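So the structure is just underneath, and the comments pick up after that.
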Amino acid sequence: MIRKASALVLGLGLIASVALADEERVSFPANYKTTFENYVSLDRVQNHDQIIRLFANDIAIEAAKEGRELPNGSVLVGEVYKAKKDPDGKVATSALGRRVRDKLAAVAVMEKGEGWGDNFPDGLKNGDWDFAIFKPSGERLNKDLNTCRSCHAPMAKTQHLFSLEHLAQ
């Protein structure tokens, strides 16, 4: 009986985690190119054949510049570009040693909301940040967002951001 009860609780926990992963609380900010600030462009550390341009809304930028925790309503947008490849299929780099941008592949959005992180398991907690990935057109992509969550989760000292020091400039 105890095993069945434990299995039921575990199963309900897994269902809750899946439900949270599928919740669509992060929306595509259609006007980000004109209303957000592009604060840095980098070769993507996690993917050797991608470049990312990062944008933030005023709420996030103001808090970062003041050295405060980014508040609810902070939104970061990452334009993820494929890197150009040479005729041999290797990633092309510029004279500066940086990857050369090719096509825009996806738009990743990170948004912070009240209590959004409360029900995630420890390995997926990012404070109250959550994620979504969209096509360049703004159509939501069906991606496993736990990949984003688990990658950012260890970054607690920098508010779960890889680019906090750039945002604060």
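Provide the FRET efficiency to the nearest 0.05 for the LYS143-ASP118 pair, computing r from the beta carbons and using R0 = 30 Å.
According to the calculation, E is roughly 0.85.
Share of Cα-Cα pairs in the range 101-169 beyond 17 Å, in percent?
48 percent
Could you tell me the calculated FRET efficiency between LYS157 and VAL45, based on Cβ-Cβ distance and R0 = 25 angstrom, to the nearest 0.05?
Efficiency, from the Cβ-Cβ distance: 0.90.
So how tilted is helix 2-22 from the main axis of the chain? Cα-based, degrees 0 to 90, rounded to 10.
30 degrees
Can you give the % of DSSP beta bridges in the range 2-167 that are antiparallel, to the nearest 5? Spell out each step's value before the answer.
Working: 30 of 31 bridges.
That works out to approximately 95 percent antiparallel.
Choose one answer from THR34, THR158, THR147: the residue with the largest mean-square fluctuation in a GNM of the chain with alpha-carbon springs under 10 Å.
THR34
Starting from the 7 Å offset along Cα-to-Cβ, what nm value, one decimal, do you get for the label separation of LYS103 and GLN169?
Computed distance between label sites LYS103 and GLN169 equals 3.0 nm.
Is there a quick way to get the dipole size of the chain? I mean about its Cα centre, with the Cβ of Lys and Arg at +1 and of Asp and Glu at -1; what is the value in debye to the nearest 20?
It works out to roughly 620 debye.
What are the aspartates and glutamates whose alpha-carbon lies under 19 Å from the alpha-carbon of LYS85, with same-chain residues fewer than 8 places away excluded?
Partners within reach: ASP43, ASP49, ASP102.
Answer with a single label: of (i) 51, 29, 26; (ii) 48, 33, 27; (iii) 67, 44, 29, which was calculated as Cα extents along the principal axes in Å from the structure in view?
So the calculated entry is the one marked (iii).
Taking the alpha-carbon distance from LYS157 and a cut-off under 26 Å, which lysines remain once sequence neighbours fewer than 8 residues away in the same chain are dropped?
Result set, ordered by chain and number: LYS65, LYS112, LYS125.
May I ask what percent, to the nearest 5, of DSSP beta bridges between residues of the range 91-169 are antiparallel?
90 percent
Determine the calculated [θ] at 222 nm for the chain from helices alone, applying -39500 (n - 2.57) to every DSSP H run no shorter than 4 residues and normalising by the residue count; nearest 500 deg cm²/dmol.
-7500 deg cm²/dmol
Only the coordinates and a few stated rules stand behind these numbers; no lab work does. What you are looking at is a predicted structure, and each value in this text was computed from that prediction instead of being measured. So basically every Cβ, Gly included, is an ideal-geometry build from the backbone, and we count neighbours across all protein chains shown.
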